[in-house]
1. Name the helices (runs of 4 or more DSSP H) wholly inside the stretch 252-339 in which the number of residues that are under 21 Å from A207 (Cα atoms) is 1 or more.
2. Please go through the stretch 1-58 and pick out each residue that is in a helix (DSSP H, G or I), among the charged types (D, E, K, R) and farther than 25 Å from I104 by Cβ.
3. Can you tell me which residues in the stretch 308-339 are surrounded by 17 or more Cβ atoms within 10 Å (Cβ to Cβ) and acidic (D, E)?
4. Could you tell me whether R253 is more than 30 Å from G21 (Cβ to Cβ), among the charged types (D, E, K, R) and surrounded by 23 or more Cβ atoms within 10 Å (Cβ to Cβ)?
5. Could you check the stretch 203-229 and list, in sequence order, the residues that are hydrophobic (A, V, I, L, M, F, W, C), surrounded by fewer than 18 Cβ atoms within 10 Å (Cβ to Cβ) and under 25 Å from P260 (Cβ atoms)?
6. Against the conditions (1) under 23 Å from the mean Cα position of the chain (by Cα); (2) farther than 21 Å from P194 by Cα; (3) surrounded by fewer than 20 Cβ atoms within 10 Å (Cβ to Cβ); (4) not hydrophobic (A, V, I, L, M, F, W, C), where does H272 fall short? Just the number, please.
7. Among the residues of the stretch 25-40 satisfying the criterion of being out of contact with any Pro (no Cβ under 9 Å at 6 or more places or on another chain) and crowded, with 22+ Cβ neighbours inside 10 Å, which is nearest to E68 (Cα to Cα)?
8. Checking the structure you have, find out if any residue of the stretch 70-78 is outside any helix (DSSP H, G or I), at pLDDT 90 or above, over 18 Å from the mean Cα position of the chain (by Cα) and surrounded by 20 or more Cβ atoms within 10 Å (Cβ to Cβ).
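The values are calculated or read from the model by the stated rules, or taken from the named source; none is laboratory data. Please read all numbers here as calculations on a predicted model, not as lab measurements. Please note: Cβ atoms are built from the backbone with ideal geometry, for glycine as well, and neighbour counts cover all protein chains shown.
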Amino acid sequence: MNIISLFSGSGGLDLGFEQVGFRPVIAYDIEPAAVRTYNYNRAGEIAREADLSSLTGDDIIREIAQLELDEPPRGVLGGPPCQYFSNGNKAPRQDDDPRRTLPINYANILQQLNKEYELDFFIFENVCGLAQLAHRDDFQRIIEIFEEAGFHVFHGILDAYNYGVPQFRKRVFLVGWNRVLYPEARYEFPAGNPCGLTVRDKIGGLAEPKFWARDLNPDEFPEHPNHWTMNPISDKFRNPPPPNLRRYTRSFRRLFWNGPSYTVAYGHNEIHVHPEGHRRLSIYEAMLLQGFPHGRDGYRLIGNLTKQVTLVSDAVPPPLAADLARSILQFMEEHSRNE
């Protein structure tokens, strides 16, 4: 089933949908490293570099026409950059911040795509701060503009730990169903259950990673081409705090072996400290805690270390995405398309 991906990032959300049988036919992101990563892990040049604050649905329709698809797209996935609404954003917020308006751009694009292809559904993902009281007006307006685009809209806050990911990570999801095709839509998000996976289950037993240096060859890294990390320069690494000491907060938060990870979201390269306390996690270790496939050939992030930190931080955990995709398929199987 063909789908379109907007704000595709490194492709975590799309990977989960692909694992269930969906097929992204075109994807867009503004970040070159994200586009390179997306295409590196897939056959063909699916992802394209584009500014989605100015790209239109008509632009996308023209590019899809050149693909000569065997069937039109049935759905759209997207997670606009979310820092404006994040609880971790302590900077003064500006009303004209483009990250505040990107959801509106998404809805406008969606409306044009729906007119052309009569889409079945869309997915919108963002930080759970968007659904909280401080942003209530923004959240309601976003829902309204997606409804105006022709969809019944359902929202839920999902924690990745309940969907096979060893990490506490809450995100808000909107799922929209075409009002014409599914006039009686009553969608329910996948229930999920605490998975019980720990940090040790995912990264225990790995070889030590490479530390950053110029002219490193990722293909020679142990375990995986993303198994590298920052040099442990701080004195704190020589006398690390116990994992249960929280006064170091986000900048020096040490993980537990026998519990799930804190949220993999590393602003300012504040990567979590390894449970042994001697260094920060490698990019590959963070990928495994996000639920990306294990093994050298599983999935690879492209770019310098800082770009890879951003890519892994912004990704939707693929196991959560796969459960969401299965619920979409189940809904479509149980409800006749009203054509």
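1. Details: elements: 283-289, 305-314, 318-334.
The helices (runs of 4 or more DSSP H) meeting that bar are 283-289, 305-314.
2. The first filter runs over the stretch 1-58 and keeps only residues in a helix (DSSP H, G or I), leaving 12-20, 32-40, 57-58.
From what is left, the residues that are among the charged types (D, E, K, R) are 14, 18, 36, 58.
Listed by number, the residues that qualify are E18, R36.
3. Scanning the stretch 308-339 gives D314, D323.
4. Criteria not met by R253.
5. We begin by selecting, within the stretch 203-229, every residue hydrophobic (A, V, I, L, M, F, W, C); these are 203, 206-207, 211-213, 216, 221, 228.
Filter once more, so that each one left must be surrounded by fewer than 18 Cβ atoms within 10 Å (Cβ to Cβ): 206-207, 211-213, 216.
Within the stretch 203-229, L206, A207 qualify.
6. Failing condition for H272: (3).
7. Among residues in the stretch 25-40 that are out of contact with any Pro (no Cβ under 9 Å at 6 or more places or on another chain) and crowded, with 22+ Cβ neighbours inside 10 Å, the one nearest to E68 (Cα to Cα) is A27.
8. Going residue by residue through the stretch 70-78, those that are outside any helix (DSSP H, G or I) are 70-78.
Narrowing the set further to residues that are at pLDDT 90 or above leaves 70-78.
Cutting the leftovers down to over 18 Å from the mean Cα position of the chain (by Cα) gives us 70-74.
Then keep just the ones that are surrounded by 20 or more Cβ atoms within 10 Å (Cβ to Cβ); that gives 73-74.
Scanning the stretch 70-78, I find at least one residue that is outside any helix (DSSP H, G or I), at pLDDT 90 or above, over 18 Å from the mean Cα position of the chain (by Cα) and surrounded by 20 or more Cβ atoms within 10 Å (Cβ to Cβ), so the answer is yes.
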